[in-house]
1. Past 29 Å, Cα to Cα, is the threshold; run K12/K401; K107/K196; K12/K187; K39/K388 against it and keep the listed order.
2. Report ³J(HN,Hα) in whole Hz for each residue of the range 127-139, in order, from the Karplus equation J = 6.51 cos²θ - 1.76 cosθ + 1.60 where θ = phi - 60°; Gly and Pro get x.
3. Quick one: compute the contact order of the range 339-411, relative version, from alpha carbon pairs under 8 angstrom and 6+ residues apart, as a percent.
4. Please report, in debye to the nearest 20, how large the charge dipole of the chain is about its Cα centre when each Lys and Arg carries +1 at its beta carbon and each Asp and Glu carries -1 there.
5. Carbon and sulfur atoms: what percent of the 1.4 Å accessible area of the chain do they account for?
6. Springs between alpha-carbon atoms under 10 Å, Gaussian network over the chain: tell me which of T285, T17, T180 tops the mean-square fluctuations.
7. Taking the Cα centre of each part, how many Å lie between the range 45-70 and the range 199-276?
8. If packing is taken as the average number of other Cβ atoms within 10 Å across a peptide's residues, how do 135-144, 207-216 rank, most packed first?
Amino acid sequence: MNYISTNENTPKVDFVTALFRGQAPDRGLYMPETIPALKPDEIRAMKSMSYAEIAEIILSRFLSGHIAPERLSELCRDAYDFDVPVEPAGDRLFILRLDRGPTASFKDFAAAMMARLMSEFRGAGAKRLVVLTATSGDTGGAVAAAFHGIPGIDVIVLFPPGEVSGRQRRQMTTLSGNVTAIAVDGKFDHCQALVKNAFADPDLRSIDLTSANSINIGRLLPQSVYYAYAYSRVADHPEPMVVSVPSGNFGDMMGALLARRMGIPISRVVVATNANDEVPQYLATGIYRRIDPSRVCISNAMNVGHPSNLARVVSLYGGRMDGTGAVIRPPDMDAMRRDLFAVSVSDSETRDAIREAWRDGRVLLEPHGAVGWVGLRRYLELRKNGEKPLCVSVETAHPAKFPEEIERLLGFTPETPPSLAGLDAGKESWRDMPADYGAFRSFLSGRYGA
Ligand SMILES: *Cc1c(COP(=O)(O)O)cnc(C)c1O
């Protein structure tokens with residue numbers, strides 16, 4: 001299995017190279033050259049498998065030749081030792097709760113596996129690896145927790161202090177050790193730009209930098225697993241399901257598209273964004289315009305004005321988009337529109353959905369999952385008639401990560417899951433930095449001696 005760049009301007013590489021590079025040398029994103037197919041029997045057999053076993057089956061297709069099956073099995077069992085609830089939430093409607101991992105965010109699924117793979121494939125005696133990651137909310141905490149305490153690897157997390165919740169910040173700032181949190185005076189897009197510049201900077205070439213953002217192939221692949229898992233819990237093969245994915249950088253929905261290409265019967269992927277509606281607009285008009293600066297919404301982990309995984313979506317449909325969002329070769333828009341239903345959801349609709357879901361069915365949502373919930377409802381309303389499809393709405397964070405919002409809307413504070421308890425007591429430490437690449441470069445070269 002080889003990996004190719006979405007910019008199509010660099011040789012293909014194997015999985016391990018793609019994993020450590022993060023971004024391809026031509027600044028594109030790595031994609032599997034071919035997408036392996038699951039046999040109907042294999043999909044049916046997932047019904048009686050654990051999450052970790054399903055992860056092993058899917059990941060083995062992408063890692064073939066790099067890792068012994070028994071070892072992959074161990075890594076999967078170690079990474080996925082928590083609950084993955086698929087809750088009934090109405091007529092043929094389920095909620096996939098991806099919030100029981102170490103930081104109560106769906107990003108734990110990907111980060112936990114990527115950290116284990118990097119630790120596994122880093123040769124003994126290799127020099128210090130520096131993982132750079134920009135976060136608009138949950139990535140930082142999930143990546144920091146996944147790598148915390150792993151010898152030989154440092155994590156540097158850049159976050160926009162005005163856009164993350166107190167709990168999200170604490171998840172990054174209370175770990176210390178090999179984790180450094182940097183508060184960048186700017187927005188998420190600035191943080192992301194600093195990381196991208198560092199990767200492209202020839203002066204930093206002597207530092208072993210790698211990315212843990214959703215552009216890393218090691219994060220993308222594990223995100224296809226939970227769609228196969230959800231399918232195995234709610235459907236009888238070959239019955240199709242609709243999934244609704246609250247989306248920001250589009251890594252999560254890319255996981256759904258990969259699962260679909262592998263053969264999981266997903267009839268439609270509802271891609272729900274907040275007011276950062278550049279992709280719904282793109283599908284509607286065929287013209288792509290990034291939003292700069294990105295719009296601040298209550299679903300803060302989705303405040304993204306140009307999704308970094310969009311180039312992958314475009315490439316999956318035969319097109320080519322460069323890092324700036326310029327469409328070099330248009331994708332098959334008709335096929336994209338058939339497979340995706342992209343919809344933008346306002347903050348007030350998001351808040352109404354949190355109230356209604358609780359009032360009508362005692363379904364507890366937080367702002368990100370609520371965006372997906374509204375997107376799904378919108379999709380179902382537009383379907384003329386016919387049978388209601390089997391639907392899975394993805395909840396990407398635990399409601400307890402947004403206690404103020406939930407308290408204001410529902411009048412109670414959600415119960416804190418064990419993963420978040422104790423966070424408030426930890427001692428915080430972080431560095432402040434202007435949104436200026438020069439400052440970031442001197443920090444990196446000062447610490448790692450470039
Ligand atoms: C990151 C995040 C998202 C968006 O996921 P993408 O893969 O970037 O589209 C949605 N919800 C929550 C809670 C997140 O942390």
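The values are calculated or read from the model by the stated rules, or taken from the named source; none is laboratory data. These figures come from a predicted structure and were not determined experimentally. Reconstructed Cβ throughout: ideal geometry from the backbone, glycine too, with neighbour counts over all protein chains shown. Each accessible area value is taken on the protein alone, full model and side chains, heavy atoms only, with ligands, DNA and RNA left out. Shrake-Rupley method; radii C 1.70, N 1.55, O 1.52, S 1.80 Å.
1. K12/K401; K12/K187
2. 6, 4, 9, 10, 8, 9, 9, 9, 9, 9, x, 9, 4
3. The value is 35 percent.
4. Working: 51 positive and 53 negative charges, 110 e Å.
With only Lys, Arg, Asp and Glu charged at Cβ, the dipole is about 520 debye.
5. On the way: 8110 of 16760 Å².
It is 48 percent, rounded to a whole number.
6. Its mean-square fluctuation being the largest, the pick is T285.
7. The range 45-70 and the range 199-276 have Cα centres separated by 17 Å.
8. Working: 135-144: 29.9, 207-216: 24.1.
Ranked by mean Cβ neighbours within 10 Å, highest first: 135-144, 207-216.
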